[in-house]
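S.K.: After the structure tokens below, expect a handful of questions from me.
The values are calculated or read from the model by the stated rules, or taken from the named source; none is laboratory data. Source: prediction; values computed, not measured. Don't worry about glycine lacking a Cβ; one is built from the backbone with ideal geometry, like all the others, and counts go over all protein chains shown.
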Amino acid sequence: MSMDRLLRAWPIAAILTFALSIRLWRLSLPTGYVFDEVYYAKNANSLLSSAVELDEQGQAEFVVHPPFGKWLIAIGIRLFGNEEFGWRFASAIFGTLSILLIYLIVKKLFNSEFLSITAALLMAFDGLNLVMSRVALLDIFLMFFILLSIYFLIINNLWLSGSAIGLALSIKWSAAFLIPLVILFVVVYNKVTFRNLYKVISQFTLLPISIYFASWSGWIFSSQGWARQSESNVFASLWNYHLQILDFHQGLDDKHAYQANPWSWLVLGRPTSFYYESSSDCGAEKCAQEILAIGTPLLWWISIFAVAITFGFLVTKLERVAAIILIGFAGTYLPWFFIQSRTTFYFYSISILPFLILALIYCFNQLLNSAIYKKYITSFVILVAINFIYFLPIYLGISIPYSQWLSRMWFESWI
């Protein structure tokens, strides 16, 4: 590698090193299962041993999400054992890779090293990305493969874009919301003729669906999975199982202390507390130790205006770049408003995060004609970093004096 390439590569390499280090640091703490790890980490370990999700008594367990995300969690368990570091390891890797991915996307969209580094820094300094990278939940994987699909869409590799959506769909069904928007984008901006429409349909429906059902191979080729013997043949049984899953999602309206309506997500109205302990081990009379899934406030609040500005450019100029950003934003956010009766949580919005950052970068790009604006953009990144560092103890679950914890609870709804 030439010296010139090394000089260009060191900033993103430094960002990724920082991001991975902070994700792996004390990853085995807190001990025990955090929030929904009690489902996904256990499911992942069962997939390793039985290829299907079984409970601790070896009986088939009803699960409501496809297997692929749990197979990814299982990679860490295979490498490091069925303990906290093992079941959280894959999340740390994919959370770090999402930073590299947004760097590459900005590079393709704007051909600017400055903006690419800015995007990577903003992703690295977001608290929700950090928290979701340190727990064995599915959403960090969902976000990564949705973003990967957008990357392949940008470079016009539609088969790989469809494949990535298929993998996202194999983690959570919510990835399906993106499919019609991507098809519409390709038809409009690639000027697809009616004769070639079947190819686009194949790339973004038949291919993702095929990948999705392939992710169920363990269930298909086993006789132990939930509802596996419920019908006369495997296809009917799988259909029956999916009807049960659909019924679960449609009927999920149980009250939860940390449920959050989608209207509140972007303004951080009700973040999710994954872990909280009160103790006296920080040198003060009363200490608090919390893992709060919340984005870096300054980044999220400013990004709301960036989305609005990006939408304005789409409406007035029909810009392709603005359309790419907004289909990602719309596909990961707007569908939730149609199912507001369902119990939802703020941390689902991790899939929206990359498109908030891309909207910011889009707005920054409009300002780069003047050198002075680089200083403003740099100042904004520094302020986001300071905001991130201030909240770092409640991202990492570090025990701090109760008074310091309370000072970080800017709103009553955060408690």
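S.K.: Would you mind telling me which numbered condition in (1) farther than 20 Å from Ile99 by Cα; (2) assigned to a helix (DSSP H, G or I) Ser341 fails?
M.R.: Only one criterion is unmet by Ser341, namely (2).
S.K.: Being surrounded by fewer than 18 Cβ atoms within 10 Å (Cβ to Cβ), more than 26 Å from Ala322 (Cα to Cα) and either touching a residue at least 24 places away in the same chain (Cβ under 8 Å) or aromatic (Phe, Trp, Tyr) (or both): is that true of Gln229 here? Even if it seems obvious, please write down each step before you answer.
M.R.: Values: surrounded by fewer than 18 Cβ atoms within 10 Å (Cβ to Cβ): yes; more than 26 Å from Ala322 (Cα to Cα): yes; either touching a residue at least 24 places away in the same chain (Cβ under 8 Å) or aromatic (Phe, Trp, Tyr) (or both): no.
In short, no.
S.K.: Can you spot a residue in the range 278-293 that is in contact with a Gly (Cβ under 6 Å, 6 or more places away or on another chain), farther than 30 Å from Ser379 by Cα and not charged (D, E, K, R)?
M.R.: Taking every residue of the range 278-293 in turn, at least one turns out to be in contact with a Gly (Cβ under 6 Å, 6 or more places away or on another chain), farther than 30 Å from Ser379 by Cα and not charged (D, E, K, R).
S.K.: Would you confirm whether any residue within the range 324-334 is aliphatic (A, V, I, L, M), in contact with a Pro (Cβ under 7 Å, 6 or more places away or on another chain) and either closer than 20 Å to Ile154 by Cα or assigned to a loop (DSSP other than H, G, I, E, B) (or both)?
M.R.: Checking the range 324-334: not a single residue is aliphatic (A, V, I, L, M), in contact with a Pro (Cβ under 7 Å, 6 or more places away or on another chain) and either closer than 20 Å to Ile154 by Cα or assigned to a loop (DSSP other than H, G, I, E, B) (or both).
S.K.: Here's a follow-up. Could you give every pair whose Cβ atoms fall below 9 Å, whose first residue belongs to the range 319-339 and is modelled with pLDDT of 95 or more, and whose second residue is among the charged types (D, E, K, R) and not in a helix (DSSP H, G or I), counting only separations of at least 6 or pairs across chains?
M.R.: Matching pairs, first to second residue: Trp336/Arg342.
S.K.: Any residue that is touching a residue at least 12 places away in the same chain (Cβ under 8 Å), at positive phi and crowded, with 18+ Cβ neighbours inside 10 Å - is there at least one of those in the range 177-184?
M.R.: no
S.K.: Let me ask you something else. Give all pairs with beta carbons closer than 7 Å in which a residue from the range 112-125 that is over 12 Å from Ile377 (Cα atoms) meets a residue that is of a type in the set (S, T, N, Q) and surrounded by 22 or more Cβ atoms within 10 Å (Cβ to Cβ); count only pairs at least 6 apart in sequence or on separate chains.
M.R.: Filtered contacts from the range 112-125: Met123/Ser98; Met123/Asn129; Phe125/Thr296.
S.K.: Hey, another quick one. For Pro66, only one of the following conditions fails: (1) of a type outside the set (Asp, Glu); (2) within 30 Å of Tyr103 (Cα to Cα); (3) in a helix (DSSP H, G or I); (4) within 20 Å of the chain's Cα centre (by Cα). What is its number?
M.R.: The one condition Pro66 does not meet is (3).
S.K.: Here's something else I'd like to know. Can you find, within the range 80-99, the residue that is farthest from Ile372 (Cα to Cα) among those that are small (Gly, Ala, Ser) and part of a helix (DSSP H, G or I)?
M.R.: Gly86
S.K.: Answer yes if at least one residue in the range 163-171 is surrounded by fewer than 13 Cβ atoms within 10 Å (Cβ to Cβ) and either touching a helix residue (DSSP H, G or I) at 6+ places or on another chain (Cβ under 8 Å) or not small (Gly, Ala, Ser) (or both), and no otherwise.
M.R.: The first filter runs over the range 163-171 and keeps only residues surrounded by fewer than 13 Cβ atoms within 10 Å (Cβ to Cβ), leaving none.
No, every residue in the range 163-171 fails to be surrounded by fewer than 13 Cβ atoms within 10 Å (Cβ to Cβ) and either touching a helix residue (DSSP H, G or I) at 6+ places or on another chain (Cβ under 8 Å) or not small (Gly, Ala, Ser) (or both).
S.K.: Take Tyr189 and decide whether it is of a type outside the set (A, V, I, L, M, F, W, C) and more than 19 Å from the chain's Cα centre (by Cα).
M.R.: So Tyr189 fits the description; yes.
S.K.: A further question follows. Only one residue in Ile77, Ile102, Ile12, Ile22 is assigned to a helix (DSSP H, G or I), at pLDDT 95 or above and either among the acidic types (Asp, Glu) or within 22 Å of Trp216 (Cβ to Cβ) (or both), so which one is that? Outline the logic, then answer.
M.R.: Working: Ile102 fails: either among the acidic types (Asp, Glu) or within 22 Å of Trp216 (Cβ to Cβ) (or both); Ile12 fails: either among the acidic types (Asp, Glu) or within 22 Å of Trp216 (Cβ to Cβ) (or both); Ile22 fails: either among the acidic types (Asp, Glu) or within 22 Å of Trp216 (Cβ to Cβ) (or both).
The match here is Ile77.
S.K.: Yes or no: Val192 over 21 Å from Tyr348 (Cα atoms) and part of a loop (DSSP other than H, G, I, E, B)? Steps first, answer last, please.
M.R.: Working: over 21 Å from Tyr348 (Cα atoms): yes; part of a loop (DSSP other than H, G, I, E, B): yes.
Judged against the criteria, Val192 is a match.
S.K.: Six or more apart or on different chains, Cβ atoms under 6 Å: show the pairs whose first residue is in the range 53-69 and touching a residue at least 60 places away in the same chain (Cβ under 8 Å) and whose second is of a type in the set (Lys, Arg).
M.R.: Taking only residues 6 or more apart or on different chains, the pairs are His65/Lys172.
S.K.: Quick test for you: out of Leu160, Leu101, Leu142, Leu138, pick the one residue that is of a type in the set (A, V, I, L, M), free of Cβ contacts under 8 Å to residues at least 40 places away in the same chain and closer than 30 Å to Val200 by Cα.
M.R.: Testing whether each residue is of a type in the set (A, V, I, L, M), free of Cβ contacts under 8 Å to residues at least 40 places away in the same chain and closer than 30 Å to Val200 by Cα leaves just Leu160.
S.K.: I would also like to ask the following. Regarding the range 275-282, can at least one residue be identified that is part of a strand (DSSP E or B), surrounded by 13 or more Cβ atoms within 10 Å (Cβ to Cβ), among the polar types (S, T, N, Q) and out of contact with any helix residue (DSSP H, G or I) (no Cβ under 8 Å at 6 or more places or on another chain)?
M.R.: No; the residues of the range 275-282 include none that is part of a strand (DSSP E or B), surrounded by 13 or more Cβ atoms within 10 Å (Cβ to Cβ), among the polar types (S, T, N, Q) and out of contact with any helix residue (DSSP H, G or I) (no Cβ under 8 Å at 6 or more places or on another chain).
S.K.: Which one of Ile361, Ile352 is surrounded by 24 or more Cβ atoms within 10 Å (Cβ to Cβ) and either within 19 Å of Pro180 (Cα to Cα) or touching a strand residue (DSSP E or B) at 6+ places or on another chain (Cβ under 9 Å) (or both)? Outline the logic, then answer.
M.R.: On the way: Ile361 fails: either within 19 Å of Pro180 (Cα to Cα) or touching a strand residue (DSSP E or B) at 6+ places or on another chain (Cβ under 9 Å) (or both).
Ile352 is the lone residue from the list that is surrounded by 24 or more Cβ atoms within 10 Å (Cβ to Cβ) and either within 19 Å of Pro180 (Cα to Cα) or touching a strand residue (DSSP E or B) at 6+ places or on another chain (Cβ under 9 Å) (or both).
S.K.: Can you name the residue in the range 115-157 that is under 13 Å from the mean Cα position of the chain (by Cα) and not in a helix (DSSP H, G or I) and is also surrounded by the fewest Cβ atoms within 10 Å (Cβ to Cβ) among such residues?
M.R.: Going through the qualifying residues, I end up with Leu138.
S.K.: Which numbered condition trips up Ile372, out of (1) over 17 Å from Leu128 (Cα atoms); (2) β-branched (Val, Ile, Thr); (3) at pLDDT 95 or above?
M.R.: If we test Ile372 against (1) over 17 Å from Leu128 (Cα atoms); (2) β-branched (Val, Ile, Thr); (3) at pLDDT 95 or above, just (3) comes out false.
S.K.: Cβ-Cβ below 8 Å, separation at least six or inter-chain, first residue in the range 250-264 and farther than 17 Å from Leu353 by Cα, second modelled with pLDDT of 95 or more and in a strand (DSSP E or B): which pairs?
M.R.: His256/Phe345; Tyr258/Thr272; Tyr258/Ser273; Tyr258/Phe345; Gln259/Phe345
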